[in-house]
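**Q** Structure provided below as structure tokens; questions to follow.
The values are calculated or read from the model by the stated rules, or taken from the named source; none is laboratory data. Computed from a prediction, not measured in an experiment: that's the story for all the values here. Cβ placement follows ideal geometry from the backbone for every residue including glycine, while neighbour counts extend to all protein chains displayed. These area figures cover heavy atoms from the full protein model, side chains too; ligands, DNA and RNA do not enter into them. Shrake-Rupley method; radii C 1.70, N 1.55, O 1.52, S 1.80 Å.
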Amino acid sequence: MAEQDKNVFGRKVFFINPSAVFESKVIERLRLMEYEVYIIDDYRKAKAILRKNADSICYVALEPPLTLKGWHNFIKSFEEESVFSPLDMGIISESLPKEKWFNFVNGLQHDAGIIMTAENPEGMLHEVVKNLDNLGAMGLRKYVRANCIQEPKADALWMRDNRMFQLKIIDISSVGFAARLAANQANAVGVNQVIRGVTLNLRTHQIVVDIKISGIKAAGDFLLAIVMFDSSTPPQAIDKVRAYITENLQDSIVANLTRNDIDRLDYENLEFL
């Protein structure tokens, strides 16, 4: 990613093997703060995913199934492939005896810092946010979007004068969405129009929101409607939109993985020259 793109869009943040507690207390809060966050629950999928997202920030949680030695070798192995040189790694760990901790971190790069789970949740969150912002992750930026083009169900529906109106959603964020407007729908909406009680169908989610048409522009053989969520939309509805975005983004990182992408290295017995 070019430096100017980082300044606008920030960087993706991956967590490998986080505990359920860390996910609920820290990662979910990061999502609410509009960081683009992903979870990799199986370390064997990590390299295949991160090769496509090498200019990211990645935290590794020192939880089973690997031992400390296995996790040391796993993290160290990223330094052996030049494709991962832009990747900033960090570590999530419980407190360890001083000598054991020194042996573990010795020789490891951890530019994204070390997060100790003995901290209270607010302390952990503060430390993660500080590290992410120092590395250009840029939360609270409102650019985290889910692409809906391939979704079988992603539309906005509302009734007016006993007539059903429907827009196909192209992509969506927590502040609004872009939608396809067919030529014969040109008179269905107008710029600055507020429409209340619109139902978003997003996979299994049905979310009622109020919207405002921010703009309409030509896009080839159709019109593109830029739609913002009106301030009257309940926060609970926006939380449901975020939940959908999380599902969509999580699915996107594993969508094309095959058996050949599974990392089969034995990190417990790996030796480095």
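**Q** Output the residues belonging to region 196-212 that are at pLDDT below 95 and either out of contact with any Lys or Arg (no Cβ under 9 Å at 6 or more places or on another chain) or assigned to a strand (DSSP E or B) (or both).
**A** Of everything in region 196-212, just one residue is at pLDDT below 95 and either out of contact with any Lys or Arg (no Cβ under 9 Å at 6 or more places or on another chain) or assigned to a strand (DSSP E or B) (or both), namely 205.
**Q** Related question: Looking at region 194-226 only, could you name the residues that are open to solvent by 50 Å² or more (accessible area, probe 1.4 Å) and touching a strand residue (DSSP E or B) at 6+ places or on another chain (Cβ under 9 Å)?
**A** Of everything in region 194-226, those that are open to solvent by 50 Å² or more (accessible area, probe 1.4 Å) and touching a strand residue (DSSP E or B) at 6+ places or on another chain (Cβ under 9 Å) turn out to be 194, 196, 203, 206, 208, 212, 214, 216, 217, 218, 226.
**Q** Are there any pairs with C-beta distances below 8 angstrom linking a residue in region 59-70 that is open to solvent by 30 Å² or more (accessible area, probe 1.4 Å) to a residue that is in a loop (DSSP other than H, G, I, E, B) and aliphatic (A, V, I, L, M), with the two at least 6 apart or on different chains, and if so which?
**A** 68/62; 68/96
**Q** Only one of these is more than 24 Å from the chain's Cα centre (by Cα) and closer than 22 Å to residue 146 by Cα: 216, 253, 238. Name it.
**A** After applying the criteria, what remains is 216.
**Q** Please determine whether any residue of region 139-155 is outside any loop (DSSP other than H, G, I, E, B), over 29 Å from residue 24 (Cα atoms), more than 19 Å from the chain's Cα centre (by Cα) and touching a residue at least 60 places away in the same chain (Cβ under 8 Å).
**A** No, every residue in region 139-155 fails to be outside any loop (DSSP other than H, G, I, E, B), over 29 Å from residue 24 (Cα atoms), more than 19 Å from the chain's Cα centre (by Cα) and touching a residue at least 60 places away in the same chain (Cβ under 8 Å).
**Q** Those residues that are on the phi > 0 side of the Ramachandran plot and either buried (at least 16 other Cβ atoms within 10 Å of the Cβ) or touching a Phe, Trp or Tyr at 6+ places or on another chain (Cβ under 7 Å) (or both), I need them from region 94-132; list them, please.
**A** 113 - this is the single residue of region 94-132 that is on the phi > 0 side of the Ramachandran plot and either buried (at least 16 other Cβ atoms within 10 Å of the Cβ) or touching a Phe, Trp or Tyr at 6+ places or on another chain (Cβ under 7 Å) (or both).
**Q** If you take just the strands (runs of 3 or more DSSP E) that sit entirely in region 46-128, which of them hold at least 2 residues that are within 24 Å of residue 260 (Cβ to Cβ) and not aliphatic (A, V, I, L, M)?
**A** Filter on region 46-128 gives an empty set.
**Q** Is there a residue being in contact with a helix residue (DSSP H, G or I) (Cβ under 8 Å, 6 or more places away or on another chain), in contact (Cβ under 8 Å) with a residue 40 or more places away in the chain and either within 25 Å of residue 248 (Cα to Cα) or of a type outside the set (Val, Ile, Thr) (or both) anywhere in region 181-195?
**A** No, that holds for no residue.
**Q** Considering only region 160-183, I want to know if a residue exists there that is part of a helix (DSSP H, G or I), more than 22 Å from residue 62 (Cβ to Cβ) and either touching a strand residue (DSSP E or B) at 6+ places or on another chain (Cβ under 9 Å) or of a type in the set (Phe, Trp, Tyr) (or both).
**A** Checking region 160-183: at least one residue is part of a helix (DSSP H, G or I), more than 22 Å from residue 62 (Cβ to Cβ) and either touching a strand residue (DSSP E or B) at 6+ places or on another chain (Cβ under 9 Å) or of a type in the set (Phe, Trp, Tyr) (or both).
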